[in-house]
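The values are calculated or read from the model by the stated rules, or taken from the named source; none is laboratory data. Computed from a predicted structure; not experimentally measured. Don't worry about glycine lacking a Cβ; one is built from the backbone with ideal geometry, like all the others, and counts go over all protein chains shown.
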Amino acid sequence: MTADMPGLPAMSAVGSAAAADAAAGRLVRLRDVDFAYDQRPVLRRINLALAPGDFVGIVGPNGSGKSTLVDLIDGIHQPLSGEVLVRGRRTDHYRRREMAREVALVPQRFDLDFDLAVREVVEMGAYCRGKDPGVAGDPEATLARLGVAHLAGRRFSELSGGEKQLVVLAQALMQQAPLLLLDEPASALDVSHQLRLFDLLRELNRDGLTVLCILHDLNLALHYFDKLLVLSDGEVAAFGPPAEVLRPEVVEAVYGVRAYLHRHAGRTYLTFSPRLRGERRGRVHLICGGGTGAGMMRELVDAGYEVTAGVLNALDTDEKTGAELGLRMAVEAPFTAVGDDAHAENLDLLRAADLVLVSAVPVSRGNARNVDAACEALAAGIPVWVDRRVQAGDLVGVTGRLVDAGARLFAGEGELLAALRDGGLRGLEPAPTGEDRPSRSDGQADGTGGP
Amino acid sequence: MSGAADTGAGWAAARGRAARSGVWPGVLLAGAVLCLCLVLALALGPASLSLRRVWELLMAGPVQGDLDNAIFWQIRMPRVLVAALVGAALAVAGVILQDLFLNPLTDPYVTGVSSGAALGATVGIVLHLGNLPWMTVLAVAGGLGTLTLVWLAARRRGRIDIFVLLLAGVTISYLAGAVVTVLMIRADEDMHAIVYWLMGSFSGRGWGDVEVALGVLPFMAVPLLFTREMDILLQGEKRALELGVEVERTKRVLLVTAGVLTALAVSVSGIIGFVGLVVPHIVRLLAGPAHRGLLPVSLLAGASMVVAADLLSRTVISPNEIPVGVVTTFVGAPLFVYLLRRGRRL
């Protein structure tokens, strides 16, 4: 699986790994690492190299082996086969104290049910440095570096979750190790603490610290890290720059959800829908425009319907949303009336639908042909639902024809949502025979209104 | 055994607000309390001595032909010293075990060591081997023998599973107790001696017992070398590994130390309950959980508690004696329940 992934460093030709690592200045290297808890395999064929100054995030579903990978690098576990090298030396050749000077770990859970002062807790991090206070650093200074100097005298057990997280980070920094591993450090933090934490990690990284951080928030992963490692079911699914690694198809393969890329204010964001492509409950065609259909598009997609739309003008809000959601659409050039080609394409999409929805889109001469298309759908026996507010925005007086031809009026997005909540759009559920789509007659019989 | 709910409340009890301006104030205070207990224990009894007389006798050293001197040097002094050493050993073993197991209801007896030692001593009584040295040897052998068994049961791939150790210890305790019961039934005429020994007492302890009890001193020094490791282990074994502690080695040393301390203490005093359980909790409330203070203060407080309990045991219904284990239980049980209640309110 690793072979076709972008950015995975070539590392097949390895002679003396230790010598090669020393020459390449590698901090960490995993070669063909397999690991199992008792008989249950957790990691398979993991290859990974970290150089000093790397800033790498690890993402992946629960149980994909992220924490185990981090523990392997820290020498807490030993691989079943393959080897884990830190500074070119196998982790089982380290004493714990030596290892703590090379690798610091911020654990996912941290319990300390005793009445110790924050200062005492932070100071424990200097254990691996021995008794030399010059090297060990100062708990107060370390807390100050994280902006929480005022916590030094407090009781650790009285702190909030976010404060505890920073104190544990301070404890790890006291080890003064060149590599910092973090296991979901942001999971207990509110959004402001999350951003502060990742900004801090960025800063520490600029000062030379190598960071390898497990996190769940893919958007944070996308924005903060230089490289991402995607773990899936114990294997490396992808490794490389975030934008290359977190493509929707990779996210879908790894997490089993639909993913969409959106661009906003110069940044790229991922959003998710719970259902995968191919899990469709029916096909809905939207006639909309100017942002009147964007919300319904998303709701229908999330509910598992296949959605098409048209005719929309390119760069229209609904068109952009549809593009981000990966919808098939009949599109016309910007600020242009619907032409013959787009109309024909729209009719094709429409005829393949189980239901046609007309949003409260303003109707003018430019898009009046979409109403004609909906009428044709009715004529072909496809149910059409029309937002009851559409006539208010109808400048050319054509929408009345829809109602006359048997379209059903509905109360817009609110009613649609309610219907989806109640289990779906009546008549669009898959037939119990296991057929992909319901038959036409079902849709009519369910009272969506025939011609 | 102790479920999660029990332990939560127990630790809460240990989490009181504590004034901790360093280690020395606590150590000095505990030392002063111990001195007071020692002086009172030497002075009071069926034949009470004035403080001045205590001082004179102390300065004079053992002298032949003087009744006061004989009471002081041959009866009270060894008895008080054994009590102090046993109390100190049990308290230190209690701190070690509670913090290694991360379980507030642990005491020196859950590892099976005391039951093994009791079994050894019972065998000694049944075979009429006399108090010294065989009773002691058998008791220590029984204690360390059970520790070895429990140890082997808890060993998995070179690691000691603390939870299995706890369960195995309790199980073997019951087993040893059952064997003691069988021996008691078989040995009619010795039943009284066995029961009395099991209840714990310092009655009639002499200098020979002091020599055995002095064996605890080097072992009490061991955990003082591991205070930083023990602090870090409060965060759990995995976190301690991450911070650079050789966890398995530390656990091995500390468990053996606690086992030897318990076996030696039981061999000279029988079973004295609640000292190893309650003293560490009280000291945590006063001196905090950091071991630099907790260990020495617990050591001194344990000695004080047992010396004071022994004083009560031989003076309350004089000339009869209450077994000292009964006194510590009478004092310790309500105190512990109070701590648990208080913990729940926190």
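So here's what we get for this one:
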{"read-out": "Only one of A:171, A:165 that is under 22 Å from residue A:56 (Cα atoms) and within 13 Å of another protein chain (Cβ to nearest Cβ)", "value": "A:171"}
{"read-out": "Residue selected from the range A:91-100 under the condition under 34 Å from the mean Cα position of the chain (by Cα) and not small (Gly, Ala, Ser), by the criterion farthest from the other protein chains (Cβ to nearest Cβ)", "value": "A:91"}
{"read-out": "Any helices (runs of 4 or more DSSP H) falling wholly within the range B:197-248 and containing at least 3 residues that are more than 14 Å from chain A (Cβ to nearest Cβ)", "value": "B:207-214, B:216-224"}
{"read-out": "Odd one out for residue B:206, checked against (1) over 30 Å from residue B:76 (Cβ atoms); (2) in contact (Cβ under 8 Å) with a residue 60 or more places away in the chain", "value": "(1)"}
{"read-out": "Condition met for residue B:315 (surrounded by fewer than 23 Cβ atoms within 10 Å (Cβ to Cβ), farther than 16 Å from residue B:286 by Cβ and at pLDDT 85 or above)", "value": "yes"}
{"read-out": "Test for residue B:284: is it within 11 Å of another protein chain (Cβ to nearest Cβ), modelled with pLDDT under 90 and either in a helix (DSSP H, G or I) or closer than 27 Å to residue B:155 by Cα (or both)", "value": "yes"}
{"read-out": "Helices (runs of 4 or more DSSP H) completely within the range B:64-162 that count 2 or more residues being free of Cβ contacts under 8 Å to residues at least 40 places away in the same chain and within 30 Å of residue B:236 (Cβ to Cβ)", "value": "B:136-154"}
{"read-out": "Members of the range B:7-45 found to be within 13 Å of another protein chain (Cβ to nearest Cβ) and either modelled with pLDDT of 50 or more or surrounded by fewer than 16 Cβ atoms within 10 Å (Cβ to Cβ) (or both), listed by number", "value": "B:8, B:17, B:19, B:21, B:22, B:23"}
{"read-out": "Strands (runs of 3 or more DSSP E) fully within the range A:228-324 counting 2 or more residues that are small (Gly, Ala, Ser)", "value": "A:235-240, A:306-313"}
